[in-house]
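So the structure is just underneath, and the comments pick up after that.
Each value in this text was obtained by applying a stated rule to the coordinates, not by laboratory testing. Given the structure is predicted, the values throughout are model-derived calculations rather than measurements. Don't worry about glycine lacking a Cβ; one is built from the backbone with ideal geometry, like all the others, and counts go over all protein chains shown.
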Amino acid sequence: MTATVYTYAPICWNTAALYPDRICAVAGLSVPHVPRMAVPAVDLWRFRETEKDEDMYAFRTPPLRNVALTAPYGHAGAYDSLEDVVRHHLDPQSALWEYHENDDCRIKPVMPSRADLDDIDCIVMDDPTRVQAIAKAAEGYSLVYLDDREIEELLAFLHALTDKSDIDLRSDVPAAVPSGLTLAE
């Protein structure tokens, strides 16, 4: 089974050819508030480093090894299913607006409740101006049409990148740690 996906995303690292795991792309993903940043922070990631407008809302593209085991997906865990994030990338702007309009920021990411953060977790997605800025940053994407069969094939390919031995790591638990103590101690 094979899958071919044609899409476009602006590359934001000069070393992308040497370090493909450092490619950044604007994917129109929702941006929940990042607690480490001061309110009303916007996580601009690559833009904070380069101060180039084209790097606004560009985030590191994650590696695909064991991708089936790395949910949630998207920046700050916007999607809990691999299929959902794949479908998002077919039409990032529409997916972003749908995410915004459905109030998915409060529904989809699995975020533990914390009294000091509950009111600001969705500060970016609650602001239509910021959502518009994310959508504008994703304008460089070419829309991709895949039918359901092609999406299934792409998902099968992504699942093939998962090492089945990493699904259950209980047999890899060492009897002792380097100090010599057993894990029970």
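The relative contact order of region 80-185, computed from alpha carbon pairs under 8 Å that lie at least 6 residues apart in sequence, is 30 percent. Note on region 144-185: with charges restricted to the Cβ of Lys and Arg (+1) and Asp and Glu (-1), its dipole about the Cα centre is near 280 debye. Basic side chains Lys and Arg get +1 at the Cβ, acidic Asp and Glu get -1 at the Cβ, and with that the dipole of region 71-155 about its Cα centre reaches some 280 debye.
Relative protection proxy for 47-53, 90-96, 61-67, from highest mean packing down: 90-96, 61-67, 47-53 (other beta-carbon atoms within 10 angstrom).
For region 76-172, the alpha carbon convex hull comes to 140 Å³ per residue, rounded to a whole number.
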